[in-house]
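The values are calculated or read from the model by the stated rules, or taken from the named source; none is laboratory data. No experiment lies behind these values; they were computed from the predicted model shown. Using ideal geometry, Cβ is built from the backbone for each residue, glycine included, and neighbour counts are taken over all protein chains shown.
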Amino acid sequence: MNNDLYAVVGNPISHSKSPRIHSLFASQTGEQLEYTAIQAPENDFAGTVTGFFQRGGKGLNVTVPFKEQAWKLADRRTERAQLAGAANTLYQDSEGLLIADNTDGKGLVTDLTANHGIGLTGRRILVLGAGGAVRGVLGPVLAEKPAAIVIANRTVAKAEALVTLFEPVAGQTRLEACGFEQPTEPFDLIINGTSASLQHDLPPVSANVIGADTVIYDMMYSLQTTTFNQWALDQGATRVFDGLGMLVEQAAESFRLWRGIRPETRPVIDELRND
Ligand code: ATR
């Protein structure tokens, strides 16, 4: 009997860690599955997805630059995917409808709370960036009931648009938008959701946002310390994390949706860190 087939779709895709992560999950849990990487042409993501499921594929992860297209393509979206405006997980329900979910926010929150022991409830959080990556995680972060989330972005209008979008689900959490230079008080947690580190660039935030107990989380990850985390360390931050745990946790949540079993993430995070 053939193994159930899963894949990650992106462009480019050759550097994706997802096949490695999911095959480690499969061997750990004893699930019989095959997980590959598919590079979709820029102009035919929909054809790639349709073809995959027609061949009997069971589930897809979706990465750059197709997460918004995956969201649009779906017949149904989970509530968290609906708010995220992007999907990283696709599967078919029993009637063959294409379901879109987004496990990125859950991945971030699980990494912070379960892996690093950082509670978000009642905390003041500075979020840097207002693009797709930030929109993708705000819902699950808000669900933890922080006291305040300040969204700072180069283009302030995009931060303001996110505040408007998430206000209805913000509950008691104060949501604010501003430019990078504006915040000058220490925060409990700073999440870098800009893609600036990719260009070895830094969002120009004041060093005063970092206090003695401030936790720093860069949603990016790389083998070396990210540009943002290095800057934070240089300002005296002591609790600094990158997004490797988030990457593994979002994968674990997708695996759980598809297979009904949640793999242990710690050994997988450790193995990837030691690559
Ligand atoms: P992603 O899916 O990674 O979020 P995106 O939607 O293009 O990609 O958003 C990138 C984010 O990083 C945005 O907040 C962007 O700022 P703008 O909204 O002003 O474009 C931010 N960003 C990218 N490069 C940056 C840089 N060099 N300095 C500061 N912010 C940067």
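Among the residues of this structure, residue 45 does not count as one that is within 20 Å of the chain's Cα centre (by Cα), on the phi < 0 side of the Ramachandran plot and assigned by TED's automatic domain parsing to the domain that holds residue 262.
The set of residues in segment 53-83 that are within 17 Å of residue 13 (Cα to Cα), in contact with an Asp or Glu (Cβ under 9 Å, 6 or more places away or on another chain) and away from the ligand (no atom under 16 Å from the Cβ) contains only 59. Just one of (1) assigned to a loop (DSSP other than H, G, I, E, B); (2) under 21 Å from residue 159 (Cα atoms) fails for residue 80. It is (1).
Give me the helices (runs of 4 or more DSSP H) completely within segment 94-204, filtered to those with at least 1 residues that are within 30 Å of residue 53 (Cβ to Cβ), within 10 Å of the ligand (Cβ to nearest atom) and aliphatic (A, V, I, L, M), ordered by residue number.
Working: elements: 104-110, 132-143, 156-166.
Correct list: 132-143.
Here residue 222 meets each of (1) surrounded by fewer than 20 Cβ atoms within 10 Å (Cβ to Cβ); (2) in contact with a His (Cβ under 9 Å, 6 or more places away or on another chain) with one exception, condition (2). Out of (1) surrounded by fewer than 24 Cβ atoms within 10 Å (Cβ to Cβ); (2) out of contact with any Leu (no Cβ under 8 Å at 6 or more places or on another chain); (3) not aromatic (Phe, Trp, Tyr), the odd one out for residue 165 is which? With respect to (1) surrounded by fewer than 24 Cβ atoms within 10 Å (Cβ to Cβ); (2) out of contact with any Leu (no Cβ under 8 Å at 6 or more places or on another chain); (3) not aromatic (Phe, Trp, Tyr), residue 165 is out only on (2).
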